[in-house]
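These notes are about the structure you will find just below.
The values are calculated or read from the model by the stated rules, or taken from the named source; none is laboratory data. Keep in mind it's a predicted model, so treat the numbers as computed, not measured. Note that each Cβ is placed from the backbone with ideal geometry, even for glycine, and that neighbours are counted across all protein chains shown. Each accessible area value is taken on the protein alone, full model and side chains, heavy atoms only, with ligands, DNA and RNA left out. Shrake-Rupley method; radii C 1.70, N 1.55, O 1.52, S 1.80 Å.
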Amino acid sequence: MDKRDVTVGTGSELIDTLKDIVGAANVLTEPVGQAPFLGDWLGKYRGEAAAVVRPGTTQEVADVMAACAAARVPVVPQGGNTSMSGGATPDASGRAVVLSLQRMNRIRALDPIGQTIAVDAGVVLAKVQEAAEEAGFFFPLSLGAEGSCTIGGNLAANAGGVAVLRYGVMRELTLGVEAVLPDGRIWNGMKALRKDNTGYALRDLFIGSEGTLGIITGAVLKLFPRPTARATAFAAVVDATSALRLLGVIRVHCGDRLTAFEFLTGETLAMIQRQIADVRIPFAQLPPAGVLIELSDIDDEMALSKRLERALGTAMEEALVADAVIAQDRAQANAMWRLRESVSQALVREGKAIKHDISVPVAEIADFVAAADLAVAAALPGIRPMVFGHLGDGNLHYNLMRPLAMNDAEFVAQSAVLTRIVHDETCRRHGSISAEHGIGQLRVDEMTVCKAPLELELMRALKQLLDPDGLMNPGKLLPA
Ligand code: FAD
Ligand code: 2HG
Ligand code: ZN
């Protein structure tokens, strides 16, 4: 459909109304201006939109939503557009309005006594981290896209990342939420309360709702004491089973100081080295697998480093670790983290990946990897699993790459079969087919397979209550 048809089809009246609300400069209708909003980070999805609208205040969001509701036009909320599940990309119909929160980027308030920060939903995560640090605090959500993802997106996707082990997922870091309902009403849930037992937690309904229930416009987040000491190490292990046992040893020696425990198979490490110029593994030889471990504390750094050394020494005596390197300074620690954070980019360069984001009970994660590796290899000999992620959370990114003898198109044609195998291994262990990336459009068809009918029925009832016309982010999260 050509662009002009799209605009006329959804009503130029609505476009004029949107311009009145947010100013003409913030209603993008031309292909060039819209382009960055219509495709996803992975380059997997591309859609069309009648307009991209960029409101600057909660009231403007409310007015935009009321106008879209009146015109019966679907709305696709978008923050930093870093979704790994196509969650923020509109469909191909060109009917939807993409509502970008980019301009809602104010830190509203920071309370040093209550240790909270109130922000607009469009604030980039790194900016919240910086604001916390400037005030002598710490906001712990940390992920590879932190320089561009937004708090609203983090909330809508209930983001995880590399510090969940110690601090929890986004839901656990949030006290209050402000949201605009599909009909334009504003719900002000910006409470900074640690305790509030006044009925159903509406806040939690919006967290993880992937833009299907309304627009999150603000949030009150928890702050934490700023860690003054960090100890970072890379350990070479044989496989996920040794990594899991290593996790136990580190926990015994280091307790809650354990902040990150990130697993990468040797094939994944080799791929990163192949694809990213300025990273290298900290070992002379490629190990079968590696674990990036970080401790943090408000104690002194030397003591923390010694503690990690002792823990790794024990793990070596127990033959769980073949080799380990403890970072001697921040630059070495940063280099280890750069290796870890380069995986997604390396995967994109390596070719088409069939992506999975599973979680199982932590104790079963090694069994999952062994079983899934066997099953996918039996289905497609030569397949190359690139497995990495937050092993300490029971969450791995089980990415599959093509056998070298196959081309990308032939491989992608196998997606449904391979995903079925991976998700069956997950569900058999009472796991989740989306630990942190969300369902979006990538996994929407899997919902009927992996969610109980009663769960789906309740979710649909809530959707019907809040969004009776089905205008919020259609095609995402809930199967038709
Ligand atoms: P978007 O991509 O814009 O949107 C995500 C979803 O939220 C969509 O469904 C969208 O409609 C909805 N949405 C966005 N803003 C709002 C709003 N204000 N109100 C209502 N709905 C909204 N994720 C992790 O959890 N852990 C990781 O370790 C991790 N690492 C990543 C590394 C890289 C390199 C990349 C590219 C992504 C990574 N992600 C990770 C995925 C992604 O960054 C997160 O899901 C992030 O929370 C999305 O934020 P965003 O602002 O980009 O949201
Ligand atoms: C990570 O943990 C992200 O690095 C991205 O969640 C995972 O690219 C991926 O599959
Ligand atoms: Zn992850």
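Below is a table of values for the structure above.
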quantity	calculated
Segment 64-95 - residue that is among the β-branched types (Val, Ile, Thr) and not in a helix (DSSP H, G or I) and, of those, farthest from Thr212 (Cα to Cα)	Thr82
Test result for Arg402, among the basic types (Lys, Arg) and touching a residue at least 40 places away in the same chain (Cβ under 8 Å)	yes
Verdict on Val387 being in contact with a strand residue (DSSP E or B) (Cβ under 7 Å, 6 or more places away or on another chain) and either more than 18 Å from Cys427 (Cβ to Cβ) or of a type in the set (A, V, I, L, M, F, W, C) (or both)	yes
Which listed residue is aliphatic (A, V, I, L, M) and away from ligand 1 (no atom under 16 Å from the Cβ), from Ala335, Ala346	Ala335
Matching option when the condition is touching a residue at least 12 places away in the same chain (Cβ under 8 Å) and in a strand (DSSP E or B), among Val98, Val61	Val98
Subset of segment 131-157 [assigned to a loop (DSSP other than H, G, I, E, B) and either in contact with a strand residue (DSSP E or B) (Cβ under 6 Å, 6 or more places away or on another chain) or within 16 Å of ligand 3 (Cβ to nearest atom) (or both)]	Ala135, Pro140, Leu141, Leu143, Gly144, Ala145, Glu146, Gly147, Ser148, Cys149, Ala157
Any helices (runs of 4 or more DSSP H) falling wholly within segment 376-480 and containing at least 2 residues that are more than 23 Å from the chain's Cα centre (by Cα)	408-412, 415-428, 453-466
Yes/no for Gly144 being touching a residue at least 60 places away in the same chain (Cβ under 8 Å), under 13 Å from the mean Cα position of the chain (by Cα) and open to solvent by 40 Å² or more (accessible area, probe 1.4 Å)	yes
Test: residue in segment 107-116 that is without any contact (Cβ under 8 Å) to a residue 60 or more places away in the chain, small (Gly, Ala, Ser) and farther than 18 Å from Gly438 by Cβ	yes
Residue check, Asp91 under 21 Å from Ala145 (Cα atoms) and of a type in the set (Asp, Glu)	no
Residue in segment 374-390 that is surrounded by fewer than 19 Cβ atoms within 10 Å (Cβ to Cβ) and basic (Lys, Arg) present	no
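Residues are listed down the side, and each one gets a yes or a no for (1) more than 16 Å from ligand 2 (Cβ to nearest atom); (2) open to solvent by less than 50 Å² (accessible area, probe 1.4 Å); (3) more than 30 Å from Ala67 (Cα to Cα); (4) not aliphatic (A, V, I, L, M):
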site	(1), (2), (3), (4)
Ala413	yes, no, yes, no
Val417	yes, no, yes, no
Asp424	yes, no, yes, yes
Arg428	yes, no, yes, yes
Val444	yes, yes, no, no
Thr448	yes, no, yes, yes
Lys451	yes, no, yes, yes
Lys463	yes, yes, no, yes
